1. Tell me, yes or no, whether segment 127-145 has at least one residue that is farther than 23 Å from Met24 by Cα, touching a residue at least 12 places away in the same chain (Cβ under 8 Å), among the aliphatic types (A, V, I, L, M) and part of a loop (DSSP other than H, G, I, E, B).
2. For Leu157, work out the one condition from (1) surrounded by fewer than 17 Cβ atoms within 10 Å (Cβ to Cβ); (2) more than 22 Å from Thr215 (Cα to Cα) it doesn't fulfil.
3. Which one is nearest to Ala30 (Cα to Cα) among residues in segment 168-219 that are surrounded by fewer than 15 Cβ atoms within 10 Å (Cβ to Cβ) and small (Gly, Ala, Ser)?
4. Are any residues in segment 184-205 under 23 Å from the mean Cα position of the chain (by Cα) and aliphatic (A, V, I, L, M), and if so, which ones?
5. Tell me the residue from Gly58, Gly67 that is over 17 Å from Gly106 (Cβ atoms) and surrounded by 14 or more Cβ atoms within 10 Å (Cβ to Cβ), please.
Amino acid sequence: MASLELLGFGSTGWGALLIAATLMTLAVTATALAIGAVLGAIVAAAKLSGNLALVTLGNIYTTVFRGVPELLIIYLIYFGGSSAITSIGKAMGYEGFLGLPSFAAGALAVGIISGSYQAEVFRGAFLAISKGELEAASAIGMHRGMRLRRIIMPQVLRLAIPGLGNVWQLSLKDSALISVTGLAELMRTSQVAAGSTRQYFLFFIAGGCLYLILTSLSDRIFNGAERRANRSMPAAAMGQA
């Protein structure tokens, strides 16, 4: 009974805070995925450009941010960024500490990590496009912008959905590391609730269940999006893809 009260929505319950923290986790993850999509598209284009300098820079980005521990990147962005902003403020005559907002720093850090994975997803999706389609588009006189808009982007997005689903799940779990910045997302709120009530088992299990709900719902959404994107594709073409 006491456990139900602690997880409830009454005056002594943490239910409302856990729901709010879950929504915060979704907001951080969605923002990070959007940042990562922009970075990933740019890096994928660089790696596909054929330009040695751009290819090298793209490889460095994906190698570094997929190889360095995620927590280290979050520390670097949050604490390192805050130190840099404080130094700039002092140079401009402002006295005092200037910290990066926890949400912005966390979303940016996870977004940079996400971008390193999305770059490979987009690159792989582009390489999976039939060369015959691109050659046919050139043969009928489609300029580069039209090919990008009508053939490349729709195909890349369709083929990238499974990979983006995996990246979303990765970012969702990486968002738990943002708790070190003090942002009241699901992991941080679970920690605070557990510490305040001394019910560590209860609240960490509750937090884990909420993460499982998020990942399960995400799987259903991405699987539905994949089926919807492929519903007009012939079965043979889907098998080749």
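1. yes
2. (2)
3. Top of the filtered list is Ser216.
4. Of everything in segment 184-205, those that are under 23 Å from the mean Cα position of the chain (by Cα) and aliphatic (A, V, I, L, M) turn out to be Ala184, Leu186, Met187.
5. Checking each option against the conditions leaves just Gly58.
Results for (1) in contact with a helix residue (DSSP H, G or I) (Cβ under 9 Å, 6 or more places away or on another chain); (2) farther than 18 Å from Gly207 by Cβ; (3) exposed (fewer than 13 other Cβ atoms within 10 Å of the Cβ); (4) not basic (Lys, Arg), shown as yes or no for each residue.
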site: Gly10; (1), (2), (3), (4): no, yes, yes, yes
site: Leu18; (1), (2), (3), (4): yes, no, no, yes
site: Thr29; (1), (2), (3), (4): yes, no, no, yes
site: Tyr75; (1), (2), (3), (4): yes, yes, no, yes
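Yes or no, residue by residue, for (1) within 16 Å of the chain's Cα centre (by Cα); (2) of a type in the set (S, T, N, Q); (3) within 15 Å of Ala44 (Cβ to Cβ); (4) at pLDDT 90 or above:
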{"residue": "Phe122", "(1), (2), (3), (4)": "yes, no, yes, yes"}
{"residue": "Ala128", "(1), (2), (3), (4)": "no, no, yes, no"}
{"residue": "Leu134", "(1), (2), (3), (4)": "no, no, no, no"}
{"residue": "Ser175", "(1), (2), (3), (4)": "yes, yes, no, yes"}
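The values are calculated or read from the model by the stated rules, or taken from the named source; none is laboratory data. A quick note: this is a predicted structure, and the numbers were derived from the prediction, not measured. Methodologically, a virtual Cβ is constructed for each residue, glycine included, from the backbone with ideal geometry; neighbour enumeration extends over all protein chains shown.
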